[in-house]
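Shown next, in structure tokens, is the structure this report addresses.
The values are calculated or read from the model by the stated rules, or taken from the named source; none is laboratory data. It should be emphasised that the depicted structure is a prediction, and the values quoted were computed from it without experimental measurement. Reconstructed Cβ throughout: ideal geometry from the backbone, glycine too, with neighbour counts over all protein chains shown. Surface areas here come from the heavy atoms of the whole protein model, side chains and all, with no ligands, DNA or RNA. Shrake-Rupley method; radii C 1.70, N 1.55, O 1.52, S 1.80 Å.
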Amino acid sequence: QAEYVLDGSGLLAMPSFTDLHVHFREPGFEHKETLLTGQYAAIRGGVAQVVTMPNTKPPIDRADRLNHYQHLISKNPLIDILPSVAITLDQAGQELTDLETLTQLGAAAYTDDGRTVMDPEHLKTALEISQKHHKLVMTHSEDHEAAAKTPNKPYPPEVESDIVARDIQILEQTGGYLHIAHLSTEGALQAVAEGKKKGLTVSCEVSPQHLYFNADQLNFETAQYKVNPPLRGEANRQALIEGVKKGLIDAIASDHAPHEASSKVEPYTTGAYGFTGLETMFSVVNTVFEASNIPMQTLIRMMSLNPRELLGQAPNYIEDNTQANLVLIDPAAEWTVSAEELVSKSQNSPWVGKTLKGKVIHLVKGQQLLLKGGKINVI
């Protein structure tokens, strides 16, 4: 006997989404987001599994901190929250964390997130451990010294692409599983394509904002459009879209980065990096893909199937007719994003006021109906 019946008329059903890159801020920055409000944002976006970044306060870089984080997760387990852990202590780039122990305790991936692992030996060690445990080394690709030369505006594309090329060279020497987070430039994409051609286990993700926004048309006087890596001009945006069409980009990841409103109206130099993105991820990507004649099957692959595969997981749609992991979406629905409707604790979304096409209607995880008619069903 069914506990509930969903009317799927006019809707598309697909495997629920997995987001490889989110910031839920707890512990330490609960005024921006908590594990609970972050899950609400994920549910509204059709996302049933996330990989959280370790740049909390304190960062997730030691066994006791990972254990505490997992305890916090266990208090309100609505979706699957998979913690990544730092590669270096305090994400400072100086001393390696105990990745072996952290892996045994449940680390889903290794990353210093917003800090590039500049020491090649540290990256080599992380890649070697990733090879042993089949875990992703997720890299933020930025030459920090070069980026610091342009503090008042987005840093140039080569600040990213040069590091991506370097990291792929190291991968070629060591083996392992290298995953380029939030790739944003044509040069970086070319480096990934060359690595894939050589048979290296290199993958990459792109964020909705880098597919949607043309930085040539934006005003960077304030931090409204400040994100890391920066939004790029039309040439790079189109290169990313072509990379999607050619299958060079493996996944879509939101880089959900909630901040209090005051930090986004400051001058570009001092304002905060990042946007909330979980609630709008599907709609933004669907809007871009439809305009670019990219089929829905590609979206499903990049938001549902590939992320699970990169994490070493099997596909998971319906099990034994008792467990489901499905999202139902209306691909034709048009809606205008309003800050008041966002369920994230922060509303620093660059899509507020924008009209998007496609909307998440229902989300089923296991036996729970988490989202019903676009509304959170577990509050």
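List the equivalent ellipsoid semi-axes of segment 12-152 in whole Å, largest first, each obtained as the square root of 5λ for an eigenvalue λ of the Cα gyration tensor. Provide the component values of the computation, followed by the final result.
Values: eigenvalues 126, 66, 50 Å².
They are 25, 18, 16 Å, listed largest first.
Calculated accessible area for segment 223-379 comes out at 41 Å² per residue, all protein chains present (probe 1.4 Å; ligands, DNA, RNA ignored). Among Ile43, Ile79, Ile252, the residue with the largest mean-square fluctuation in a Gaussian network model of the chain, with springs joining Cα atoms closer than 10 Å, is Ile79.
Please give me the summed charge of the neighbours of Glu234: other residues whose Cβ is under 15 Å from its Cβ, Lys and Arg +1, Asp and Glu -1.
Details: positive: Arg232, Arg237; negative: Glu186, Asp216, Glu242.
Cβ neighbours under 15 Å give a net charge of -1.
So if we plug the beta-carbon distance of Gln131 and Ala63 into 1/(1 + (r/R0)^6) with R0 = 22 Å, what FRET efficiency do we get, rounded to 0.05? That pair, Gln131 with Ala63, gives E of 0.50.
Using a cut-off of 13 Å between beta-carbons, work out the net charge of the residues near Gln209 (Lys and Arg +1, Asp and Glu -1, Gln209 not included). Don't skip to the answer; put the middle values down first.
Working: positive: Lys226, Arg232, Arg237, Lys354; negative: Glu205, Asp255.
Charge balance in the 13 Å sphere: +2.
Counted by Cβ distance under 9 Å from Ala146, the other residues give a net charge of -4, where Lys and Arg count +1 and Asp and Glu count -1. Shape summary of segment 317-379, radius of gyration then Dmax from alpha carbon positions: 13.9, 43 Å.
Where the accessible area of segment 101-150 is counted over protein heavy atoms with a 1.4 Å probe, how much of it, in %, is carbon and sulfur? Display every interim value, and only then the final one.
Numbers: 990 of 2080 Å².
Carbon and sulfur atoms account for 47 percent of the accessible area of segment 101-150.
Rolling a 1.4 Å probe across the protein heavy atoms gives segment 1-133 an accessible surface of 40 Å² per residue. Remark: segment 146-233 projects, on average over all directions, an area of 5.9 nm² (convex hull of Cα atoms).
If I compute solvent accessible area with a 1.4 Å probe over the protein chains, what percent of it on segment 157-205 is carbon and sulfur? Each step should come with its number before you reach the end.
Working: 810 of 1810 Å².
For segment 157-205, the apolar C and S fraction of the accessible surface comes to 45 percent.
Report note on the peptides 327-334, 366-373: ranked by the mean count of other C-beta atoms within 10 Å, highest first, their order is 327-334, 366-373. DSSP bridge analysis restricted to the chain gives an antiparallel fraction near 50%, rounded to the nearest 5. For segment 220-306, the Cα-based Rg and Dmax, in that order, read 14.6, 41 Å.
Based solely on its DSSP helices, what 222 nm [θ] is calculated for the chain when runs of n ≥ 4 H residues each add -39,500 (n - 2.57) and the sum is averaged over all residues, nearest 500 deg cm²/dmol? Mind dumping the intermediate values first?
Details: 12 runs with 114 residues, N = 379.
Here the helix-only value at 222 nm equals -8500 deg cm²/dmol.
Kirkwood radius and radius of gyration were both taken over the C-alpha atoms of the chain, and their ratio Rg/Rh is 0.94.
Ignoring any ligand, DNA or RNA, what whole percent of the accessible area of segment 229-379 comes from carbon and sulfur when the probe is 1.4 angstrom?
Numbers: 3100 of 6220 Å².
C and S fraction of accessible area: 50 percent.
Under 30 Å of direct C-alpha separation, and excluding same-chain neighbours fewer than eight residues apart, Lys372 reaches these lysines: Lys32, Lys75, Lys345, Lys354, Lys357, Lys359. Size descriptors for segment 267-379: radius of gyration and Dmax over Cα atoms are 15.9, 54 Å. If you bin all the Cα-Cα distances of segment 22-89 at 10 Å, starting from zero, the percentages per bin are 22, 58, 18, 1.
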